[in-house]
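Visitor: This structure is in structure tokens; I'll ask about it shortly.
Each value in this text was obtained by applying a stated rule to the coordinates, not by laboratory testing. Keep in mind it's a predicted model, so treat the numbers as computed, not measured.
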Amino acid sequence: MDPLSASITIILGKYALDKGAELAKEAGPAALEKARDIVTTALGRLRKDPAGAFVAKGFEKSPQGYQEPLQEKLAEIIEADPDFAAKLETLLEAYETAAQEHAAATGATYQASLEGSGAIAQGEGAVAAGKGGVAVGGNVEGGVRLGRQAEDEAEIPPAEKPPKEKKQ
């Protein structure tokens with residue numbers, strides 16, 4: 001995917017989760033206004049054709065479930081419509097500028113460097129999982145198994161399994 005559709009999809013996702021409440025805390029009120037402009041522009045353009053309208057409607061109902069289709073459809077439209085791409089670029093630059101100004105004013109700036117495999121998480125509530133890791137947020141219920149089975153849980157070899165009952 002192209003970087004523009006990826007960036008726009010991230011902003012749409014952050015905005016859609018709670019109508020921008022968390023985004024306002026993170027990036028500031030000016031960036032929130034720019035994010036609203038991005039949402040209006042992107043979803044408005046998607047609604048101009050049936051497939052895009054279907055994706056936009058699905059995204060509004062289930063932002064996480066429709067994030068990939070949204071990004072794919074945006075990438076398709078961006079490639080086909082240079083004027084739309086230019087408008088999104090302008091909106092994205094304005095959003096990023098507002099977010100950076102907010103970060104500088106509040107002292108909430110981060111810097112990191114990563115070489116090789118691994119992960120970096122910065123900021124309030126950030127979570128990272130490195131290579132082979134699993135990051136879980138919220139509550140987890142039920143059985144969770146990672147890695148190899150314990151010897152006492154190992155699968156019974158096929159010859160030792162009891163015969164399956166036949167349904168009549």
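Visitor: For D2, which sequence-distant residues (separation of 5 or more, or a different chain) have an amide H within less than 5 Å of its own amide H, given hydrogens modelled in the peptide plane?
Guide: So D2 has HN proximity to no qualifying residue.
Visitor: Another question, if that's okay. Once the cut-off is 22 Å, how many percent of the Cα-Cα pairs in the stretch 3-105 end up in the long-distance tail?
Guide: Result: 25 percent of Cα pairs exceed 22 Å.
Visitor: Going down the list K19/K48; K48/K73; K19/K57; K48/K87, which pairs span over 18 Å between their C-alpha atoms?
Guide: Too far apart for the 18 Å limit: K19/K48.
Visitor: In a solvent-free Debye calculation with one equal scatterer on each Cα, what is log10 I(q)/I(0) for the stretch 7-60 at q = 0.16, 0.18 Å⁻¹, listed in the order of the q values?
Guide: -0.44, -0.55
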